[in-house]
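The values are calculated or read from the model by the stated rules, or taken from the named source; none is laboratory data. Bear in mind that the values here come from a model prediction, so they are computed numbers and not experimental data. So basically every Cβ, Gly included, is an ideal-geometry build from the backbone, and we count neighbours across all protein chains shown. We work out accessible area using only protein heavy atoms, side chains counted, and drop any ligands, DNA or RNA first. Shrake-Rupley method; radii C 1.70, N 1.55, O 1.52, S 1.80 Å.
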Amino acid sequence: MTPTIREIEDADVPAVIALWHAAGVARPWNDPATDIAFARRGEHGTVLVAEVEGRVLASAMAGEDGHRGWLYYVAVAPEQQSSGLGRRMVEAAEAWLASRGVWKVQLLVRRENAGVLGFYDHLGYRDTNSVCLQKVIAET
């Protein structure tokens, strides 16, 4: 059955959080519920889900910062990985960003995650040879 890709709804949040844990994209230092709420709070971000028969099978968070787009939490249920659903989620997130005038998309992948690096390479994403720095300026 073909999944429906749409924006997240309130009722989807627990399923999306469970998906993120099952797919291994959740991290202990990031509260998934807070990240979802933050992405949904305005017009600059969203969380897309792929649903089949009421079950959330994949997600992609997309946002734009006024200069470029970003992808986060691209996740596919483990039993659906390698089915093309990840590609469809990335394409849907890219389309969401493009519809807002975004022309460049970036994402972060941990270097040790070779399988995911290969997935994004296959989709045309390239290493920018940049260093990502961060500083926590407020506790969530």
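Once both labels are positioned 7 Å from their Cα atoms along Cα-to-Cβ, the gap between A22 and V109 label points is 2.3 nm. The simple spin-label model puts a point 7 Å past each Cα toward its Cβ; for E9 and A98 those points are separated by 2.8 nm. Sites listed here are GluC sites (Glu not before Pro) in the stretch 70-134 whose DSSP assignment is loop and whose Cβ has at most 14 other Cβ atoms within 10 Å: E112. The accessible-area ordering, largest first, of the residues F119, F38 stands as F38, F119, per a 1.4 angstrom probe. For the pair A37 and R68, label points projected 7 Å from Cα toward Cβ lie 3.0 nm apart.
Residues whose amide H lies under 5 Å from that of L57, counting only those 5 or more places away or on a different chain, are A50, E51, V52; hydrogens are built 1.01 Å from N in the peptide plane.
For the stretch 3-14, 3J(HN,Hα) computed residue by residue from phi via the Karplus equation (6.51, -1.76, 1.60; θ = phi - 60°) reads x, 8, 9, 8, 6, 4, 10, 3, 5, 7, 4, x Hz, glycine and proline entered as x. Accessible area per residue was computed with a 1.4 Å probe on protein heavy atoms; S83 scores about 70 Å². Computing FRET efficiency as 1/(1 + (r/R0)^6) for A138 and M1, where r is the C-beta to C-beta distance and R0 is 41 Å, gives about 0.45.
Is it possible to state the helix-based mean residue ellipticity at 222 nm for the chain, with each DSSP H run of 4+ residues giving -39500 (n - 2.57), the sum divided by total residues, to the nearest 500 deg cm²/dmol? What is it? Calculated mean residue ellipticity at 222 nm is -9000 deg cm²/dmol. Subtracting the Cα-Cα distance of V52 and T128 from 0.36 nm times their residue separation leaves 23.8 nm of extension gain. In loop segments of the stretch 64-140 as defined by DSSP, the trypsin sites (Lys or Arg not before Pro) with at most 15 further C-beta atoms inside 10 Å of their C-beta are R68, R100, K104, R110, R111, R126, K135.
If every alpha-carbon in the stretch 27-130 counts as one equal scatterer, what log10 I(q)/I(0) does Debye give at q = 0.10, 0.18, 0.24 1/Å? For the stretch 27-130, the Cα-only Debye profile gives -0.28, -0.96, -1.54.
State, as an integer percentage, the relative contact order of the stretch 61-140 based on alpha-carbon contacts under 8 Å between residues 6 or more apart. With pairs under 8 Å counted, the relative contact order is 29 percent.
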